[in-house]
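Novice: One structure, pasted below without further comment.
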Amino acid sequence: MLRSIRLTALLGGLILSASASAQDIDAASYGYPLTNPFEATIATTPPDLRPELPSDDDITQSDYSLNMRPERAFTLPDNFWAVKQLKYRIARQDHPAPLIFLIAGTGAPYSSSINEYLKKLFYKAGYHVVQLSSPTSFDFITSASRFATPGVTSDDAEDLYRVMQGVRAQHPRLPVTEYYLSGYSLGALDAAFVSHLDETRRSFNFKRVLLLNPPVNLYTSITNLDKLVQTEVKGVNSSTTFYELVLNKLTRYFQQKGYIDLNDALLYDFQQSRQHLTNEQMAMVIGTSFRFSAADIAFTSDLVNRRGLITPPKYPITESSSLTPFFKRALQCDFDCYITEQVIPMWRARTDGGSLLQLVDQVSLYALKDYLQQSPKVAVMHNADDVILGPGDIGFLRKTFGERLTLYPHGGHCGNLNYRVNSDAMLEFFRG
């Protein structure tokens, strides 16, 4: 990353960044009600401020499978039968229309809640929509990843690109007028690398690419999220676990309401109650979710590659085998551990790579700075209070994207994606 470039290109980039400033959205006019980034990340948008979207019954959609790594059918344990082929979802219009690929975030499957929301948003606007799992999801690792060690973004983008080509080949009669691309969180970083790859492969010639809350420095984002699980939480001690603390709060919340109502408004309503989580508790919820994703990645990568770090290589695993002991061991390995023990050794063996800092540069947006600065079709929507951003990240986005960066004052990490203002801006960007 940060490769040397010709003086003319550098000067052109400086002129561009000086003349085109980011679109900073004013907090007063924005109207998003959650100013706490942890709360926004967890509770997202109040239901009455979300766009009206079609129900699943109103969408013509189906799930399909791709056999991307047929050799894995013979090497994976029997209890991995459900993920030996890669599943994806496609929602189709009954007329010629543009198609948009959606890439899920860290550890998320194609059917993640944000992907589902974005599918409904773009389907209602008249697009064919293809939902793809993150390269870090266990199903993608087992069934589509060549090295089964996600984290080297260029490799992950190659795998995604092959999947996209497979999707198109599987639906030759789908009337597509043009192609678009988007992703959220880690999926946004992947989308940037896929777009760059397509500039030379030219399979799709994406007309527009939208990055939603991408990590700028991947290692910074990972470190930020890993730190959250180390938060000291009042009330958690040797006799009361964090999970018991949260469960007790939820129990009291439902007792006070008089009934149990499990819907998408639950977390927002819960945070308005007397039982609401504190900042420390919300940080722990976010960090714990991320730790589970890291454990899933570490466990799956180790098992597929027979590295023996978590699961003994010759340990007999059948459909009746309990994987709980191995997953507990994986939970002791955070993302930094996964990168150190699995990603870096694989990367060095394949590329004669060097230090961690060199890897960090190669897997972050820094690697694509020249391309992103000069490509008018790629835009970013981000939040100034996003918990995955570190010092200098917003400055990088400003200099690189200029007026193609929309910076919202609040929303945490992806918490405002389902806010009407944001959804309108997304649709406006793709309409051009």
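Novice: Of all residues in the range 196-228 being β-branched (V, I, T) and at pLDDT below 95, which is farthest from D336 (Cα to Cα)? Talk me through it step by step, then tell me what you get.
Specialist: Here is the first cut: in the range 196-228, the ones β-branched (V, I, T) are 200, 209, 216, 220, 222-223.
Going one step further and asking which of them are at pLDDT below 95, we end up with 220, 222-223.
Working: T220: 11, I222: 8, T223: 7 Å.
Checked the range 196-228; the qualifying residue farthest from D336 (Cα to Cα) is T220.
Novice: Also, I was wondering about something else. When both residues are 6+ apart or on different chains and their Cβ atoms are under 6 Å apart, which pairs have a first residue that lies in the range 334-355 and is free of Cβ contacts under 8 Å to residues at least 60 places away in the same chain, and a second that is not in a helix (DSSP H, G or I)?
Specialist: E341/L309
Novice: Still on this structure, please answer the following. Please verify whether K369 is assigned to a helix (DSSP H, G or I), open to solvent by 10 Å² or more (accessible area, probe 1.4 Å) and in the same structural domain as T149 (by the TED database), treating the condition exactly as stated. If you could, list the steps in order and put the result at the bottom.
Specialist: Details: assigned to a helix (DSSP H, G or I): yes; open to solvent by 10 Å² or more (accessible area, probe 1.4 Å): yes; in the same structural domain as T149 (by the TED database): yes.
When the stated conditions are applied, K369 passes them.
Novice: Can you tell me which condition I388 does not meet? The list is (1) in a helix (DSSP H, G or I); (2) farther than 24 Å from F122 by Cα; (3) open to solvent by less than 40 Å² (accessible area, probe 1.4 Å); (4) touching a residue at least 60 places away in the same chain (Cβ under 8 Å), and all the others hold.
Specialist: Single failed check for I388: (1).
Novice: Cβ contacts < 8 Å: first residue assigned by the TED database to the domain that holds S112 and farther than 18 Å from L181 by Cα, restricted to the range 84-97; second residue β-branched (V, I, T) and open to solvent by 70 Å² or more (accessible area, probe 1.4 Å), any location; separation 6+ or different chain. Result?
Specialist: Correct list of pairs: D94/T60.
Novice: Are any of the residues in the range 357-364 in a helix (DSSP H, G or I), in contact (Cβ under 8 Å) with a residue 24 or more places away in the chain and open to solvent by 20 Å² or more (accessible area, probe 1.4 Å)? Steps first, answer last, please.
Specialist: Here is the first cut: in the range 357-364, the ones in a helix (DSSP H, G or I) are 357-363.
Those left that are additionally in contact (Cβ under 8 Å) with a residue 24 or more places away in the chain: 359-363.
Applying the additional criterion that residues be open to solvent by 20 Å² or more (accessible area, probe 1.4 Å) yields 361-362.
Within the range 357-364, one or more residues are in a helix (DSSP H, G or I), in contact (Cβ under 8 Å) with a residue 24 or more places away in the chain and open to solvent by 20 Å² or more (accessible area, probe 1.4 Å).
Novice: Evaluate the range 145-163: report whether one residue or more is closer than 17 Å to A104 by Cβ, open to solvent by 10 Å² or more (accessible area, probe 1.4 Å) and hydrophobic (A, V, I, L, M, F, W, C).
Specialist: For the range 145-163, residues closer than 17 Å to A104 by Cβ, open to solvent by 10 Å² or more (accessible area, probe 1.4 Å) and hydrophobic (A, V, I, L, M, F, W, C): absent.
Novice: Just for the range 395-422: of the residues that are closer than 21 Å to A28 by Cα and surrounded by fewer than 19 Cβ atoms within 10 Å (Cβ to Cβ), which one is nearest to the chain's Cα centre (by Cα)?
Specialist: Filtering the range 395-422 for residues closer than 21 Å to A28 by Cα gives 403, 405-422.
From the residues that got through so far, the ones that are surrounded by fewer than 19 Cβ atoms within 10 Å (Cβ to Cβ) too are 403, 407, 409, 420-421.
Details: E403: 24, L407: 18, P409: 21, R420: 21, V421: 21 Å.
Per the criteria, the residue is L407.
Novice: Follow-up. Which helices (runs of 4 or more DSSP H) does the range 1-106 wholly contain that include 3 or more residues that are at pLDDT below 75 and charged (D, E, K, R)? Walk me through it before giving the result.
Specialist: Working: elements: 7-19, 27-30, 37-43, 72-75.
Qualifying helices (runs of 4 or more DSSP H): none found.
Novice: Hey, S301 hits all of (1) open to solvent by 20 Å² or more (accessible area, probe 1.4 Å); (2) of a type in the set (G, A, S); (3) touching a residue at least 24 places away in the same chain (Cβ under 8 Å) but one; which does it fall short on?
Specialist: (1)
Novice: Sticking with this structure for a sec: In the range 319-356, what count of residues is obtained for those that are among the β-branched types (V, I, T), open to solvent by less than 60 Å² (accessible area, probe 1.4 Å) and either farther than 25 Å from L225 by Cα or in contact with a helix residue (DSSP H, G or I) (Cβ under 7 Å, 6 or more places away or on another chain) (or both)?
Specialist: First pass over the range 319-356, keeping only residues among the β-branched types (V, I, T): 324, 339-340, 343-344, 351.
The next check asks that each one be open to solvent by less than 60 Å² (accessible area, probe 1.4 Å); those that pass are 339, 343-344.
Filter once more, keeping what is either farther than 25 Å from L225 by Cα or in contact with a helix residue (DSSP H, G or I) (Cβ under 7 Å, 6 or more places away or on another chain) (or both): 344.
Total satisfying the criteria: 1.
Novice: Just checking, which of T142, T177 is in the same structural domain as L427 (by the TED database) and modelled with pLDDT under 95? Give the steps one after another, and end with the answer.
Specialist: Details: T177 fails: modelled with pLDDT under 95.
The conditions single out T142.
The values are calculated or read from the model by the stated rules, or taken from the named source; none is laboratory data. These numbers come from a predicted model, not from an experiment. Cβ coordinates were reconstructed from backbone atoms using ideal geometry, including for glycine residues, and neighbour counts include every protein chain displayed. Surface areas here come from the heavy atoms of the whole protein model, side chains and all, with no ligands, DNA or RNA. Shrake-Rupley method; radii C 1.70, N 1.55, O 1.52, S 1.80 Å.
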